[in-house]
Amino acid sequence: IREMLIDFAVGPTAQNGFKGLSPFQRFKEAKVRLEEVKELLDIRNEQGSGMPRLEFEELEKDIKRLRMKNASLFLEGIVRVYRASLLVNDLIHFFKARKDSSPRLYTLSKESWHSKNIIKPVENVLDKRFKVKDDASEGLQKIRHSISRKRSQVNRNFDRLVKKYANRGFLGESFESFLNGRRVLSVVSSHKRSVAGSSLGGSRSGHVTYVEPQENVAINFELDQLAYDEQKEIERILKQLSESIRDQIELVNSYQLVLTRFDDVNARCRLAIKLQSDLPGLLDEPYLELVDAYHPLLLLANQEKGLKTEPQDLLMDEGGRMMVISGPNAGGKSITLKTIGLLQLMLQSGLLVSVDANSRMGWFEKILSDIGDNQSIENQLSTYSYRLKRMKYFLQQADGDSLLLLDEFGTGSDPELGGALAEVFFERLYEKGSYGVITTHYANIKLKAAELPCALNASMLFNTETLEPRYMLSIGQPGSSFTFEVAQMNGIPKRLINSAKGRLDSKKVELDKLIAELQQEKAEFEDENQRMRKAQRSAKDAEQDMKQKQNRYEERLETQQKRIERNNKYLNSGKKMHQFIDAYKLGRANKELLGEVKKFLTIEKTKLDQARKIKERKEKVAAKNRARKQREQRKKNQVQKPVKVGVTVRLEKSNQRGEVIELKGGEAVVMFGSFKTKVGLEKLVVV
């Protein structure tokens with residue numbers, strides 16, 4: 001994650017910051033950074049937002065020169081500061097217009113201020129190609145005018161001599177060349193004494209000698225002196241310009257601050273886009289509710305291979321804060337634990353995470369992990385000894401604000417003895433009020449999780465028919481290790497597997513088989529449930545699509561009928577006018593005819609006025625009906641029964657029902673079957 005952030009950053013300040021990226025110390029700091037990144041992500045997702053491109057060079061070395069006595073900025077430094085000034089002004093202008101939708105970034109942009117105190121002086125001196133203008137000073141203008149006249153004189157002399165010596169056959173095929181910044185004649189060496197001038201060298205073959213015409217020697221010397229004078233004048237002008245920038249040192253400092261901070265936020269935003277991340281709801285307390293959570297690196301790796309990544313859902317709150325995940329090896333236990341740990345670390349480090357936006361994530365003061373094989377060769381510690389030392393540290397540090405991530409909990413020693421010790425550790429960590437995700441194969445740990453009120457079991461699903469893991473987390477019951485199924489999947493002969501089964505306690509085999517069957521039944525039930533929900537969504541979508549098509553058809557039919565009626569009216573009016581015209585041509589009394597025309601037009605105008613008034617009345621009635629329905633809806637909402645402990649409720653946009661077991665501020669703790677979650681009161685309907 002750090003490496004990707006470093007690649008996405010533009011300048012060294014943000015890059016160096018990402019090298020040592022770690023969680024923020026305080027929730028408020030992380031929240032500000034997360035909201036900054038989310039605002040920028042929303043802008044990036046807009047079509048044609050007009051967001052200025054964050055392309056810049058840092059100003060650290062230029063600021064150092066400005067702080068040094070008698071040191072001036074080089075031209076490239078002046079250009080860097082100028083470009084930074086333009087970019088920061090653009091950012092300030094952009095976010096001022098969006099201060100309501102992007103308040104965090106607007107606040108960040110205000111770390112500097114809109115100013116042309118650098119832009120105007122630079123534009124007075126430099127042109128669009130960042131060359132010093134001729135009129136940057138009166139002295140430079142005179143020098144360059146003299147240079148222009150002298151060069152014209154040199155070129156006139158040279159062109160005349162080329163023509164002269166070419167006609168005499170003194171010049172080589174190319175006639176001329178360019179040497180030491182000067183035009184020289186390419187003279188055939190046998191004729192070099194016939195050409196007046198200074199010899200400046202010759203070709204490799206020696207057939208051609210390069211001669212500077214005598215008429216131009218003195219003029220070129222003058223040009224050299226003028227070039228020197230020009231450079232000195234440019235240096236004087238740039239030094240003067242640098243001094244004007246030095247007067248704005250605090251402004252330049254603010255540019256460095258704003259641009260490096262935007263660089264940091266932009267790199268985090270680009271990472272969020274790459275990892276398909278979003279901002280979950282944030283809570284300043286231990287809590288974890290993940291919806292469609294992905295391990296970001298696994299998601300990327302599988303996308304490159306064209307493989308599907310299974311998302312994970314889970315809830316950890318005061319009523320279920322210690323989760324014990326069991327299931328087969330290679331079934332996804334460790335990656336699920338790492339997903340939870342990495343996402344929490346990323347969030348607390350100010351990074352958006354690969355979860356659905358409906359997720360909610362809290363804050364942990366300590367995140368303690370023991371993942372993987374930690375055998376220490378230097379300290380001559382076995383894996384188990386190392387883990388015991390880690391466990392001692394965890395027992396000292398863990399509290400109610402801690403998140404524990406323990407992989408293969410208790411392994412590394414005699415299963416029975418190690419399991420007993422692991423159970424004691426588990427109880428002690430539970431008593432400390434810690435939150436934790438623990439993976440294990442130990443049956444006694446699974447049983448202990450079932451006994452403790454604020455602990456829960458979870459399992460990784462396994463397909464016993466195909467003998468393949470499903471990489472899906474199921475909350476509520478322990479999982480079988482599928483030891484024999486995994487062995488069979490990996491090609492172990494069946495006779496060896498049966499022999500191993502025969503050596504086990506028959507009750508243990510039956511228990512493991514029962515757990516496996518329960519898991520399979522639950523998986524099949526969830527699959528069927530998912531298919532039904534999908535079918536319901538499809539049917540609902542089809543119904544809505546049909547209604548929309550019907551409405552569009554009826555609208556088109558009504559529009560067509562109105563168009564036909566309107567055309568018929570126009571046709572009848574046209575026929576009537578034709579009759580008037582024919583009568584006029586036949587020489588009838590034109591005075592009477594004009595009267596009939598006026599009468600006809602008056603009647604038609606009256607009809608149009610009446611039609612317009614009827615339309616306006618219909619629109620007013622429709623508006624009143626809409627307002628009445630809105631009032632009725634508001635009134636209906638106002639008489640909604642209050643949410644209390646013990647009442648049955650459903651989600652606002654769902655038929656799923658649950659019982660309210662606790663109220664906390666503006667939220668209710670609802671038990672949906674065996675699943676308990678916090679829901680905002682405004683999202684619940686009493687049934």
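Pairing each residue of the stretch 239-258 that is touching a residue at least 24 places away in the same chain (Cβ under 8 Å) with any residue that is among the aromatic types (Phe, Trp, Tyr), provided the two are 6+ apart or on different chains, yields C-beta distances under 9 Å for Ser242/Phe74; Ile245/Tyr82; Leu251/Trp113; Ser254/Trp113; Tyr255/Phe56. In the stretch 670-687, what residues are modelled with pLDDT of 80 or more and over 16 Å from Gly281 (Cα atoms)? Within the stretch 670-687, Val670, Met671, Leu684, Val685, Val686 qualify.
Taken over the stretch 1-46, the residue count meeting the criterion of being among the acidic types (Asp, Glu) and crowded, with 17+ Cβ neighbours inside 10 Å is 3. Going through (1) small (Gly, Ala, Ser); (2) under 20 Å from the mean Cα position of the chain (by Cα); (3) modelled with pLDDT under 95 one by one, Ala97 falls short only on (2). Annotation: of all residues in the stretch 100-113 being crowded, with 21+ Cβ neighbours inside 10 Å and part of a helix (DSSP H, G or I), the one that is nearest to the chain's Cα centre (by Cα) is Leu105. When you check Gly350 against the structure, is it crowded, with 19+ Cβ neighbours inside 10 Å, closer than 22 Å to Arg2 by Cβ and touching a Lys or Arg at 6+ places or on another chain (Cβ under 6 Å), yes or no? Yes; evaluated as a whole, the condition is true for this residue. For the stretch 363-393, taking the residues that are polar (S, T, N, Q) and within 23 Å of Ile340 (Cβ to Cβ), the one that is modelled with the highest pLDDT is identified as Ser369. For the stretch 1-37, what are the residues that are part of a loop (DSSP other than H, G, I, E, B) and not charged (D, E, K, R)? Those that are part of a loop (DSSP other than H, G, I, E, B) and not charged (D, E, K, R): Ile1, Ala9, Val10, Gly11, Gly20, Leu21, Ser22, Pro23, Phe24, Gln25.
Of a type in the set (A, V, I, L, M), buried (at least 17 other Cβ atoms within 10 Å of the Cβ) and outside any helix (DSSP H, G or I), is that true of Val184? Judged against the criteria, Val184 is a match.
Each row is one residue, and each column tells you yes or no for (1) touching a residue at least 60 places away in the same chain (Cβ under 8 Å); (2) surrounded by fewer than 16 Cβ atoms within 10 Å (Cβ to Cβ); (3) part of a loop (DSSP other than H, G, I, E, B).
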{"site": "Phe158", "(1), (2), (3)": "no, no, no"}
{"site": "Val162", "(1), (2), (3)": "no, no, no"}
{"site": "His191", "(1), (2), (3)": "no, no, no"}
{"site": "Leu200", "(1), (2), (3)": "no, yes, no"}
{"site": "Arg204", "(1), (2), (3)": "no, yes, yes"}
{"site": "Glu212", "(1), (2), (3)": "no, no, no"}
{"site": "Asn220", "(1), (2), (3)": "yes, no, no"}
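Within the stretch 320-339, the set of residues being at pLDDT 90 or above and part of a loop (DSSP other than H, G, I, E, B) comprises just one member, Arg321.
Collect the residues in the stretch 38-60 that are within 30 Å of Val79 (Cβ to Cβ), among the hydrophobic types (A, V, I, L, M, F, W, C) and either within 18 Å of the chain's Cα centre (by Cα) or not in a loop (DSSP other than H, G, I, E, B) (or both), keeping them in residue-number order. If the condition is that a residue be within 30 Å of Val79 (Cβ to Cβ), among the hydrophobic types (A, V, I, L, M, F, W, C) and either within 18 Å of the chain's Cα centre (by Cα) or not in a loop (DSSP other than H, G, I, E, B) (or both), then Leu40, Ile43, Met51, Leu54 are the ones that fit.
The values are calculated or read from the model by the stated rules, or taken from the named source; none is laboratory data. All values derive from a computational prediction rather than experimental measurement. Cβ atoms come from the backbone with ideal geometry, glycine included; neighbour counts cover every protein chain shown.
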